[in-house]
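Have a look at the structure below, then the notes.
The values are calculated or read from the model by the stated rules, or taken from the named source; none is laboratory data. These numbers were taken from a predicted model, which means no experiment stands behind them. Heads up, the Cβs are rebuilt from the backbone with ideal geometry, glycines too, and the neighbour counts pull from every protein chain shown.
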Amino acid sequence: MSLSILKSIYNILFLTLLPFIGMSQIADTVRIKPDWNPSRLHVGIEGSRLIGTAIKGYKRSLGGMVDLDFHRFLLAFEGGAEEINRLKTYEYTNQGTFFKWGLDYNLIPHNKYRNMVSLGLRYAKSRFSDQLTFAEENPWFGTQTLQFSNKDVSAHWTEILLRLNVHVWKNVLLGAVLRIELMKNVSAPDQFIPFDIPGWGRNWKSGTDDKTANMGFSYYLIYNFSFRKKEIPLKKIK
Amino acid sequence: MDPYGNYAVATFDVLNDEVQIIAFDSIILEGFGRLPGDQDTLIGLLLPLPVENTEAVFHYYTDSSLYSLAITYKVQPLIYALSCEAAIRFYDLDTSYHSFDSLVIVGSEVHFDYVPINFEIYL
């Protein structure tokens, strides 16, 4: 008697829970292990700096970038050199280098053409020297030629990036970067506050107003060095 | 466009006697010599600040007395704006010594736009 009651309870429980057991089996997914091994290296030259050098008489600069993929992340490194010579009623020269490194996160890893839209973060550092020469007219001391210079000034800041890479031909890509530069910090200069910072841009707005944030746009011509085949991850189906 | 001058401005007031005229025989800036126009009847006086130093010492001679004023300051060369001339900004003006009856610093920066007077001197 008691055995038949137990059987009945078991049958009722089984029939009641069956749909849920079935649902849990349908919802099971196969977890694909993320591929953290790098598969390719991007090497690029900054076109905006080359064109700037060609059209801006007072500025010569060169910049480049390298990045390496890890799953959806990219370890990125940028660098360059800049030389500015502003010749007006004064002469201001500035020359130095800059380096930026950080991570990008690919927002469209499933793209079949391996195009990329990514968000990134950079730590940037610049080292430079500059010089200001001008004539000061003074009714008491006459016209004086004044010269001030700073040696080995360093500056660092942080950048937030939105980056777009598009394959244009075989292993050639075009890259565009919109960057917001923040949290600038300049080491104590020797004689005057620098007007420009290589890699950052203008240090002053006007007068004695410090430029605390900056926005930049640059574009790259990139070559893709692929050293192993990597599957494009499948899109999740909801 | 450049709002910075290369001199501080001092005004003179005579204590207890508003109608008294202030006249110096000569005014000497140490390291430079006698300042031009120093024998005028003075209400205000321009104090030239040498760029290469951070202190300027002035001596005011009258028939019967000598007054001295030592000003300290900081110098900042800057490009005010790309289209402007480069300029020198004199700021943090202070006195390290003076022999006047009293002196009030009313503007610690040389700036045409908002600091017309730097020192009020009382005799």
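Conditions tested, residue by residue: (1) surrounded by fewer than 21 Cβ atoms within 10 Å (Cβ to Cβ); (2) in contact with a Lys or Arg (Cβ under 6 Å, 6 or more places away or on another chain).
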{"site": "A:Thr89", "(1), (2)": "yes, no"}
{"site": "A:Tyr92", "(1), (2)": "no, yes"}
{"site": "A:Gln95", "(1), (2)": "yes, no"}
{"site": "A:Phe99", "(1), (2)": "yes, yes"}
{"site": "A:Tyr113", "(1), (2)": "yes, no"}
{"site": "A:Ser126", "(1), (2)": "no, no"}
{"site": "A:Asp130", "(1), (2)": "no, no"}
{"site": "A:Lys151", "(1), (2)": "yes, no"}
Quiz prompt | Meets criteria (within 14 Å of chain B (Cβ to nearest Cβ), out of contact with any His (no Cβ under 9 Å at 6 or more places or on another chain), part of a strand (DSSP E or B) and at pLDDT 90 or above) for A:Tyr92 | solution = yes
Practice problem: Select from the range B:56-91 the residues that are within 14 Å of chain A (Cβ to nearest Cβ) and β-branched (Val, Ile, Thr) and list them in ascending order. | Solution: B:Val75, B:Ile79, B:Ile88
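Let's see how each residue does on (1) small (Gly, Ala, Ser); (2) within 13 Å of the chain's Cα centre (by Cα); (3) at pLDDT below 85; (4) assigned to a strand (DSSP E or B):
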{"residue": "B:Ala70", "(1), (2), (3), (4)": "yes, yes, no, yes"}
{"residue": "B:Ile88", "(1), (2), (3), (4)": "no, no, no, yes"}
{"residue": "B:Leu93", "(1), (2), (3), (4)": "no, yes, no, yes"}
{"residue": "B:Val104", "(1), (2), (3), (4)": "no, yes, no, yes"}
Exercise. Report yes if A:Leu221 is part of a strand (DSSP E or B), in contact (Cβ under 8 Å) with a residue 40 or more places away in the chain and either away from every other protein chain (no Cβ under 14 Å) or surrounded by fewer than 16 Cβ atoms within 10 Å (Cβ to Cβ) (or both), otherwise no.
Key: yes
Quiz prompt | Filter result for the condition that a residue is within 14 Å of another protein chain (Cβ to nearest Cβ), touching a strand residue (DSSP E or B) at 6+ places or on another chain (Cβ under 6 Å), small (Gly, Ala, Ser) and in a strand (DSSP E or B), over A:Ser149, A:Ser129 | solution = A:Ser149
Self-check item: A:Gly120 being touching a residue at least 24 places away in the same chain (Cβ under 8 Å), surrounded by 18 or more Cβ atoms within 10 Å (Cβ to Cβ) and either within 14 Å of chain B (Cβ to nearest Cβ) or within 15 Å of A:Asp67 (Cα to Cα) (or both)
Solution: yes
Exercise. Assess whether A:Phe77 counts as being among the aromatic types (Phe, Trp, Tyr), more than 12 Å from chain B (Cβ to nearest Cβ), under 19 Å from the mean Cα position of the chain (by Cα) and assigned to a strand (DSSP E or B).
Key: yes
Quiz prompt | Pick from the range A:177-187, criterion surrounded by fewer than 16 Cβ atoms within 10 Å (Cβ to Cβ) and modelled with pLDDT under 95, ranking: nearest to B:Phe32 (Cα to Cα) | solution = A:Ser187
